[in-house]
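Single-structure report; data block below.
Derivation of every value follows stated rules applied to the coordinates shown; laboratory data play no part. Remember, predicted model here, so these are calculated numbers, not experimental data. As a convention, Cβ positions derive from the backbone with ideal geometry for all residues, glycine included, and neighbour counts pool all protein chains shown.
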Amino acid sequence: MTAHSKIGASSMYRWSMCPGSVKASEGIESRSSKYAEEGTKAHDMAADFLEGKGVAADDEVMHEAVLEYGYFVRDHVDPGDTLLVEHQFDLTKIHAGCFGTADAVIWKPATKRLMVIDFKYGAGIQVEVTDNPQLMYYALGALVTCGFSPMTVEMVIVQPRCAHPDGPIRSQVIDAIDLLDFKTDLKDYALATEKPDAPLVPGSWCGFCPAAGTCPSLQNKAQAVAKMEFSPVLSYDPAKLKLALDSREVVKAWLKAVDEFAYAEAEAGRTPPGYKLVAKRATRKWRNEGDAMTALQGKGVATSAFMETAIKSPAQLEKLLGKGFIDELVVAESSGHTLAPESDKRPSVKPNAKEEFSVVEG
């Protein structure tokens, strides 16, 4: 089953919140990116590792991420357990088009627990595990396809490259009976996408929507936010500022989608009026580093003049030497403040007093 589902697990967060996005995306060719290609490569390597085929170490960062995921999965497979790698499942009996592939599934008959583990290679967006619809979709797929009879379901996200307050590995345990409620929700959400008047609802889920660049609702939302006016003095409406902050990801998603769609159109020979394709700025590099070093040495240039050495990062050495080995040598320093929603798990900090008073005085 290699086809891609329009109402699959990986995009459920988007189409469950915006049912109109499914129809709006029809006919729009999915545009790949280097990040998507990296993710695919990392998942392929992870599957090879779990299937005992070894892992090629041509990319150190990817290699470390794959091993962190792979070791976690492998360490949780006990004697008598069943491990399913890249598990394909079919839920078309619930609704046509519902199928997909889970990264790893572990059935533990001794404890009647079903583990569903999802490998996230991306570093840009923190993925929360709590009530994650993608993982519940995978768990339901394993339950229905394999006939397991669990009492509990443990959903796990392994995201090695993205900093998160709860660490790179996060999990949630639910009662298996909760999947029956999710089964009903899945069918209802899927049916909603087929309605002729399925609404287009802009939100944080727009970031990976194929139709984001041409979505009228997203464009209207972005334009409405852009029209808001704020004064530098304290007479502005805080509620409007909150609304703008809440909508910033929507605006970013729309602008990013417009850029990507316009570029794809230009590469396809349909360049938007007023624009043209040009070559990116060229950067110089050595034709062959080995030949360059030999030539420089032959010209009497000291090795220290063209070679740089730097100590590895604490994170890299910690993975090599183990936790606790370098604790007394490391200090964690924040680079400053950033604005976050109240739901963020990090504690709030006081603003810089000097900057705070300068706003009032100015």
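Assorted remarks:
- Total charge dipole magnitude, the chain, about the Cα centre, Cβ charges on Lys, Arg, Asp, Glu only, Debye to nearest 20: 980 debye
- Straight-line reach from Lys6: taking Cα to Cα under 20 Å and skipping same-chain neighbours fewer than 8 places apart, the lysines in range are Lys23, Lys93, Lys183, Lys187, Lys195.
- Listed values [x] 33, 24, 17; [y] 36, 33, 26; [z] 37, 21, 19 include one computed from this model; for semi-axes √(5λ) of the Cα gyration tensor in Å that value carries the label [y].
- Computed magnitude of the charge dipole of the stretch 204-267 (debye, nearest 20; Cβ of K, R +1, Cβ of D, E -1): 300 debye
- Across the stretch 192-205, rounded Karplus estimates of 3J(HN,Hα) from the backbone phi angles (6.51 cos²θ - 1.76 cosθ + 1.60, θ = phi - 60°) give 5, 6, 9, 5, x, 9, 3, x, 9, 10, x, x, 4, 6 Hz, Gly and Pro being marked x.
- Residue (of Gly54, Ser25, Ser5) at the positive-pole extreme of the chain, dipole from beta-carbon charges: Ser25
- Simple rule: put +1 on each Lys or Arg Cβ and -1 on each Asp or Glu Cβ in the stretch 117-219, find the dipole, and look at Leu135, Cys206, Ala123; the Cα lying farthest toward the positive end is Ala123.
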